[in-house]
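Reviewing the structure listed below.
Each value in this text was obtained by applying a stated rule to the coordinates, not by laboratory testing. None of these values were measured; they are calculated from a predicted model. All Cβ positions, glycine included, derive from the backbone under ideal geometry; neighbour counts span all protein chains shown.
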Amino acid sequence: MNHFINRPKYDYIREADWQKLYILTEHWKSDLLFYKQDLKFLHHLIDKYFLWISKSENIDMVREIEVDLLKVHKQGATLLETTHKHLHHLAELIDNPFAYDSHQFRAEHETLEDELTEFLKDFRRNRKEVFKITGHIMDGEELVRQLNIFPKK
């Protein structure tokens with residue numbers, strides 16, 4: 001399985017101290033907040049071009065990608081909430097090393113990382129699809145060409 005890019009080496013989760021894992025998790029949180037904003041932009045992009053669609057096959061494509069984006073948005077929101085809780089648990093472990101079972105906690109940390117990796121794959125795939133579809137719509141919609149909103153180069 002691919003490992004999240006911010007992990008310095010394969011056994012990092014098992015070897016790192018709590019402070020380093022906290023810093024890594026803060027990076028994950030920051031990334032998730034960025035992706036949340038990017039998803040908002042992608043939704044806006046789709047909504048903007050949806051108004052100009054006249055072909056039924058384009059409407060179907062946009063609806064499909066919108067459903068996929070909503071799934072990724074929900075996935076990201078859940079991960080962000082889980083990451084917040086995880087940071088809270090890490091803070092407790094830093095203050096009291098006996099607050100949780102360290103082996104179980106590190107396993108949960110690794111699971112969170114794997115979920116983030118899957119989210120990132122889904123996010124990138126959907127982002128690529130949104131740009132592909134909006135480009136297709138801009139090139140193929142007669143109404144858009146007639147209004148000369150996006151002139152051909």
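Please give the length that would be gained between SER30 and GLU15 if that part of the chain were fully extended, namely 0.36 nm times their separation in residues minus their C-alpha to C-alpha distance (nm, one decimal).
Gain on stretching SER30 to GLU15: 3.1 nm.
Give me the net charge for the shell around HIS84: Cβ to Cβ below 12 angstrom, other residues only, Lys and Arg +1, Asp and Glu -1.
Here the count lands on 0.
For LEU45 and HIS84, FRET efficiency with R0 = 25 Å and r from the beta-carbon atoms, rounded to 0.05?
Calculated value: 0.35.
Where the only charges are on Cβ atoms (+1 Lys, Arg; -1 Asp, Glu), what is the dipole of the stretch 33-147 about its Cα centre, to the nearest 20 debye?
Once rounded to the nearest 20, the dipole reads 480 debye.
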